[in-house]
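What follows is calculated from the coordinates using simple rules that are stated; it is not laboratory data. Only a predicted model underlies this, so the values are computations on that prediction, with no experimental measurement involved. Cβ sites come from the backbone with ideal geometry, for glycine too, and all protein chains shown count toward neighbours.
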Amino acid sequence: MHGFNRIGFRALALPLAIAFAFVAGVARAALVETQVEAKGPAGALAGTMLAPQGKLSALVLIIPGSGPTDRDGNSPLGIIAAPYRLLAEGLASSGLATVRIDKRGMFGSAAATPDANAVTIADYVSDVRSWIAALRKLTDVHCVWLLGHSEGGLVALAAAQQSPDLCGLILVATAGRPMGEVLREQLKANPANAALLAQAMPAIDSLEAGLRVDTSRMDPALMPLFAPPVQPFLINAFSYDPAKLVANAHRPVLILQGLRDIQVNEADARRLKAADPEATLTLVPDTNHVLKSVTSDDVPANVATYANSALPIAPGVIEAIVSFVGTHQADNAR
């Protein structure tokens, strides 16, 4: 979530940041890496394409989750496992080209806007559409697949409402409820937040109603969430209902959810599935929010995987994505 993007709230609840890992040892000689750009509002949006050699049959645009996360998936908030790069390598080694991107106003896309906080979900959707146009022109692919994780899944869903040139959606650990509901649950789930709930819950209520929150007397621990510069984003983001969006996607959808995820749960995935009965639902056992294998309910052990680049991606994740795209790619090529 964008309001959680800038500073994070580790003391309050886990950030909705995306992290992936994949077994090392990809045969890089068989892959081609290219630096690519798309048009942004004030300057270029930057990304990296990783593709198998030869003509591309499919292209997956990886949409970042929340947080100041760069195109490789690294973040100053503690994600240091180069997750997007590793995911891109895993998919490319299986024949799927990917483009991983820097978000508007950050890292290589810093010139796209002077203020990375003054960005909404609608702005990210505009950037996705710009990327689709640029990549279709660059590669001559028929259409582009969107892979969004966590908040990136919401961006993908919103983009699908107005982007006819999409092959389909891959929603990874994507909330099935509006962000305000998810934030309430995350704050309440952490016992350390008990003293903050009396201020946090009314603040969420106000933002959901489209109203700014007075933070002059707010506990400093809540400021990373509700700081005035990020409130416009929160007001915009809280207005989206992922279930309603997926019901109107009208294209192939994969819902991929780990069953050890302590940030987004199985109920979220099933809410998305209920809204789009034609969607493919894949529940991956012993897999957490960052798609690492976790075999117990030990929360500290779960969280520790967020910064462990030595752990491979959980079995079945990449396979599910490759299988889904392969199943539907022929239909999209017609």
Integer Hz, Karplus 6.51/-1.76/1.60 couplings in order for region 153-165, x for Gly and Pro: x, 5, 4, 4, 5, 5, 5, 5, 6, 9, 10, x, 9
10 Å-binned pair-distance histogram of the chain (Cα, whole percent): 6, 28, 37, 23, 5, 1
Footprinting exposure proxy for PHE107, PHE233 (fewest neighbouring C-beta atoms within 10 Å first): PHE107, PHE233
Cubic angstrom per residue, convex hull over Cα atoms of region 179-259: 115
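Kindly put HIS289, HIS328, HIS250 in sequence by how many other C-beta atoms sit within 10 Å of each C-beta, fewest to most.
Details: HIS289 29, HIS328 19, HIS250 13.
In order of increasing Cβ crowding within 10 Å: HIS250, HIS328, HIS289.
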Mean separation of Cα contacts under 8 Å, 6 or more apart, over the residue count of the chain: relative contact order %: 20
Folded to 0 to 90 degrees: helix 197-208 orientation relative to the chain principal axis, Cα: 60
Alpha-carbon centroid distance for the pair region 142-195 / region 256-302, whole angstrom: 13
The chain: angle of helix 179-189 to the longest principal axis, Cα-based, in degrees nearest 10: 60
LEU281 long-range amide H proximity, modeled H, under 5 Å: ILE255
For region 117-122, Karplus couplings with θ = phi - 60° (6.51, -1.76, 1.60), whole Hz, Gly/Pro x: 7, 7, 9, 10, 4, 4
Karplus-derived HN-Hα couplings along region 276-290 (A = 6.51, B = -1.76, C = 1.60, θ = phi - 60°), whole Hz, x at Gly and Pro: 9, x, 7, 5, 8, 9, 10, 9, 9, x, 6, 10, 9, 5, 9
Net charge contributed by nearby residues that have their C-beta within less than 10 Å of ASP72 (K/R +1, D/E -1): +1
Approximate spin-label separation ALA189-GLU266, in nm, with each point projected 7 Å along Cα-to-Cβ: 1.4
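Please arrange VAL36, VAL230, VAL299, VAL246 by how many other C-beta atoms lie within 10 Å of their C-beta, fewest to most. Write out the running numbers ahead of the final one.
Numbers: VAL36 18, VAL230 23, VAL299 13, VAL246 26.
Placing the least packed residue first, the sequence is VAL299, VAL36, VAL230, VAL246.
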On Cα atoms only, tilt of 266-275 relative to the major axis of the chain in degrees: 70
Amide H contacts of LEU59 (H built 1.01 Å from N, under 5 Å, at least 5 apart or other chain): TRP145
